[in-house]
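Chemist: Sharing a structure, written as structure tokens. Questions coming.
Every number in this text was worked out from the coordinates using simple rules, so none of it is lab data. Values in this document were obtained by computation on a predicted structure and should not be read as measured data.
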Amino acid sequence: MKTIEINVPDEILGFLGSVSKEQEKFVLEAIKEKVNREKKRDLEMLLVEGYQAITAEDLKITREFEAADLENL
């Protein structure tokens, strides 16, 4: 584990002191939550891009086989 130094505005520091006696634990949990939200957002963006790419490919394949599908009617 590494130690970092951060500057915290007085109002946040005051709130932090009133909420938790274990400030380090509180801050670490907050950082972990933020990191997890960012990872989830990044994954959602990748999934959207992937779905959009697959949609275009699926449409192309559907059009290629459109004539064959009509033969069965």
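Chemist: Given the convex hull over the Cα atoms of the chain, what projected area results after averaging over all orientations, in nm²? Before the final figure, lay out each step's value.
Modeler: On the way: hull surface 38.4 nm².
The Cα convex hull of the chain, projected and averaged over all directions, gives 9.6 nm².
Chemist: Output the 0 to 90 degree angle, nearest 10, between the alpha-carbon long axis of helix 10-19 and the longest principal axis computed from the alpha carbons of the chain.
Modeler: For helix 10-19, the angle is close to 90 degrees.
Chemist: A further question on this structure: Test of understanding: what is the full-extension gain from E38 to I4, defined as 0.36 nm times their sequence separation minus their Cα-Cα distance?
Modeler: 10.2 nm is the gain from fully extending E38 to I4.
Chemist: Would you calculate, for the chain, the mean residue ellipticity at 222 nm contributed by helices, counting each DSSP H stretch of 4 or more residues as -39,500 (n - 2.57) and dividing by all residues, to the nearest 500?
Modeler: -27000 deg cm²/dmol
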